[in-house]
Amino acid sequence: MALKNKKEKDFSEWFTEIVSESGAKLADVRYGVQGFVAHRPWAVKIMRTYEQWIEADVESDGYEPILLPVLVPKKNIEKEKEHVQFSPELFWVERMGDSKLDEPLYMRPTGESQIYPMYSLWIRSWKDLPFKKYQSRISVYRAESTTRPFLRGREFMFFETHAVYKNHEGVLKQVTKDMKTCEAIVRKKLGIPFFFFKRPEWDKFAGAVDTFAADTLMPDGKVNQIASTHDLGQKFAKAYDIAFLDEKEQKQFGWQTTFGPGIWRIMAALVGIHGDNNGLVLPFEIAPTQIVILPVFFDKDKKAVDKKCKELEKILSEKFRVKYDSSENTAGWKFNEWEMLGVPIRLEIGPREIRAKKVTLVRRDDRKKITVSEKSLEKEIEKAAAGLLKSITKKAELFFDTNIRDAESFDKLKTILSGNRGFAKVNLCSVEIEGQACADKVQAETDGGKVRGTLYGKNEKATGKCVACGKPAKVIVYVAKSY
Ligand SMILES: [Zn+2]
């Protein structure tokens with residue numbers, strides 16, 4: 001059964017439905033605490049897979065895993081003055097059994113304030129550097145007012161790397177490497193396009209020197225930040241005393257960087273961007289089940305078809321994640337169910353196929369049926385898998401590219417953000433703190449359009465006047481509504 005809500009008509013309702021029990025059963029919001037969801041197996045398997053890809057990537061770059069407790073002593077958050085920005089969002093634990101704790105503990109909103117006091121103890125000498133650790137498969141906690149599975153939660157899945165270098169150069173190289181990690185996994189393997197922006201001075205991660213964040217576009221034209229990497233300079237090092245003795249036995253503060261691919265946000269992009277009105281559409285490499293074998297028969301053929309399906313399942317399982325659905329459900333029900341889950345390839349086997357030594361192969365994205373010989377099946381599967389990724393990537397890129405529009409005037413900016421949305425490119429007087437008033441004006445008068453920053457690595461030159469104040473513009477920035 002197709003989804004009741006149509007993606008083109010009401011993306012928001014469609015997204016809620018596809019995530020739910022009447023859709024692909026990814027997350028259940030009926031857990032009983034707002035903003036805390038129960039993750040269902042299909043979602044966990046998908047997230048674990050790309051989490052493992054990212055783990056392998058950062059480990060090959062010298063990072064090692066660490067795991068820290070969920071509770072953090074109160075004094076930690078007070079050490080770094082700028083980081084106290086997180087305070088209103090903290091969850092606090094005040095009791096242990098029947099007794100009140102002498103000092104309340106907070107649940108980590110992100111890792112800095114729990115990891116850096118330990119770094120201060122672990123790092124001693126220049127020989128310890130670069131010092132590179134990461135945490136994955138953990139949750140963080142923030143008292144958000146509005147919540148939505150995979151987009152905003154009071155508890156959500158988290159991944160963070162934290163590196164300490166002996167100089168700034170090391171940090172800048174690491175930031176570039178983090179962007180490459182996103183490129184290799186999010187764009188190449190998952191088919192999700194994005195831009196890396198240098199965030200404006202007023203929208204940086206609390207305590208960072210520079211924040212670079214990857215924004216993709218959801219089908220409703222709102223941006224979804226799927227990763228960020230930060231140049232922390234020496235600010236945290238000085239606040240948490242992360243120091244080392246250099247070659248001359250002199251105390252030096254470390255230079256730091258942190259990278260956070262958004263495990264939840266990537267899931268939202270994967271579901272929202274590639275999915276259609278029949279359910280998820282998953283790239284072959286990420287799909288928990290890559291191939292489903294469905295028998296198509298009348299009663300008299302049942303035995304022969306069952307035998308052939310089992311045979312194919314056995315052979316293909318050596319190379320792929322395969323499921324032969326031999327359940328008693330009707331063929332129509334099975335088609336719908338596996339389409340809803342986004343399984344990339346469906347093989348149909350019936351008496352006709354058996355007689356001809358052929359298999360009917362259906363790709364999830366275009367749902368076209370082709371007949372392939374049993375002999376070349378493996379090769380045809382690989383071809384279809386590559387074709388699917390190529391096709392959904394192209395579609396996603398086309399949507400992304402056509403939703404970048406120039407806004408020469410404030411009126412045009414308003415029209416773009418109230419219509420198709422997407423990115424509006426505008427001239428702005430500054431992305432330093434003096435430009436904030438103009439960004440505030442943009443946000444107030446476009447019903448929430450935010451300056452996402454300048455495009456990283458492109459050095460786009462401003463030519464006209466600031467869209468908000470009319471003074472000569474210094475930068476071209478991208479404005480969008482966001483999740
Ligand atoms: Zn201005």
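Here are a few things to note about the model shown:
- Among the residues of the stretch 442-450, at least one is part of a strand (DSSP E or B), at pLDDT 95 or above and within 16 Å of the ligand (Cβ to nearest atom).
- Condition met for Lys132 (touching a Gly at 6+ places or on another chain (Cβ under 6 Å) and surrounded by 14 or more Cβ atoms within 10 Å (Cβ to Cβ)): yes
- Scanning the stretch 320-349 for residues that are free of Cβ contacts under 8 Å to residues at least 40 places away in the same chain and basic (Lys, Arg) returns Arg321, Lys323.
- Test: residue in the stretch 18-29 that is closer than 21 Å to Glu155 by Cα, in contact with a Ser or Thr (Cβ under 8 Å, 6 or more places away or on another chain) and assigned to a helix (DSSP H, G or I): yes
- Residue check: Ala407 meets all listed conditions (1) in contact with a helix residue (DSSP H, G or I) (Cβ under 6 Å, 6 or more places away or on another chain); (2) in contact (Cβ under 8 Å) with a residue 24 or more places away in the chain; (3) farther than 27 Å from Glu8 by Cα; (4) not charged (D, E, K, R) but one, namely (3).
- Test: residue in the stretch 100-109 that is surrounded by 16 or more Cβ atoms within 10 Å (Cβ to Cβ), farther than 30 Å from Ala184 by Cα and aromatic (Phe, Trp, Tyr): yes
- Pairs linking a residue in the stretch 461-472 that is assigned by TED's automatic domain parsing to the domain that holds Val451 and farther than 11 Å from Lys425 by Cβ to a residue that is small (Gly, Ala, Ser) and more than 7 Å from the ligand (Cβ to nearest atom), with Cβ atoms under 7 Å and 6 or more positions apart or on different chains, are Gly464/Ala473; Lys465/Ala473; Cys466/Ala473.
- Within the stretch 115-219, strands (runs of 3 or more DSSP E) holding 2 or more residues that are over 14 Å from the mean Cα position of the chain (by Cα) and over 16 Å from Ala237 (Cα atoms): 131-141, 195-198, 210-217
- Any chance Gly453 is more than 12 Å from the ligand (Cβ to nearest atom), of a type in the set (Gly, Ala, Ser), outside the structural domain of Ala214 (by TED's automatic domain parsing) and at pLDDT 95 or above: yes
- A single member of Lys75, Lys9 is of a type in the set (Lys, Arg) and in a loop (DSSP other than H, G, I, E, B), and it is Lys9.
- Candidates Ser409, Ser418, Ser391, Ser376: the one that is surrounded by fewer than 21 Cβ atoms within 10 Å (Cβ to Cβ) and within 14 Å of the ligand (Cβ to nearest atom) is Ser409.
- Residue pairs meeting the criteria (Cβ under 9 Å; at least 6 apart or on separate chains; first on the phi > 0 side of the Ramachandran plot, in the stretch 20-32; second assigned to a helix (DSSP H, G or I)): Lys25/Val19; Lys25/Pro41; Lys25/Trp42; Lys25/Ala43; Lys25/Met340
- Residue identified as surrounded by fewer than 24 Cβ atoms within 10 Å (Cβ to Cβ) and at negative phi among Phe197, Phe244, Phe212: Phe244
- Qualifying residue in the stretch 46-53 (condition: under 24 Å from Ala243 (Cβ atoms), touching a residue at least 40 places away in the same chain (Cβ under 8 Å) and not in a loop (DSSP other than H, G, I, E, B)): no
- The stretch 358-377 residues that are more than 16 Å from Val343 (Cβ to Cβ), paired with ones that are in a loop (DSSP other than H, G, I, E, B) (beta carbon under 8 Å, 6 or more apart): Ser373/Lys357; Glu374/Lys357; Lys375/Lys357
- Test: residue in the stretch 426-436 that is in contact with a Leu (Cβ under 8 Å, 6 or more places away or on another chain) and within 16 Å of the ligand (Cβ to nearest atom): yes
- Hey, Phe150 assigned by TED's automatic domain parsing to the domain that holds Arg108, on the phi < 0 side of the Ramachandran plot and in contact (Cβ under 8 Å) with a residue 24 or more places away in the chain or not: no
- Among the residues of the stretch 456-483, those that are within 15 Å of the ligand (Cβ to nearest atom), buried (at least 17 other Cβ atoms within 10 Å of the Cβ) and in a strand (DSSP E or B) comprise Val475, Ile476, Val477, Val479.
The values are calculated or read from the model by the stated rules, or taken from the named source; none is laboratory data. Given the structure is predicted, the values throughout are model-derived calculations rather than measurements. Cβ: placed from backbone, ideal geometry, glycine included. Neighbour counts: every protein chain shown.
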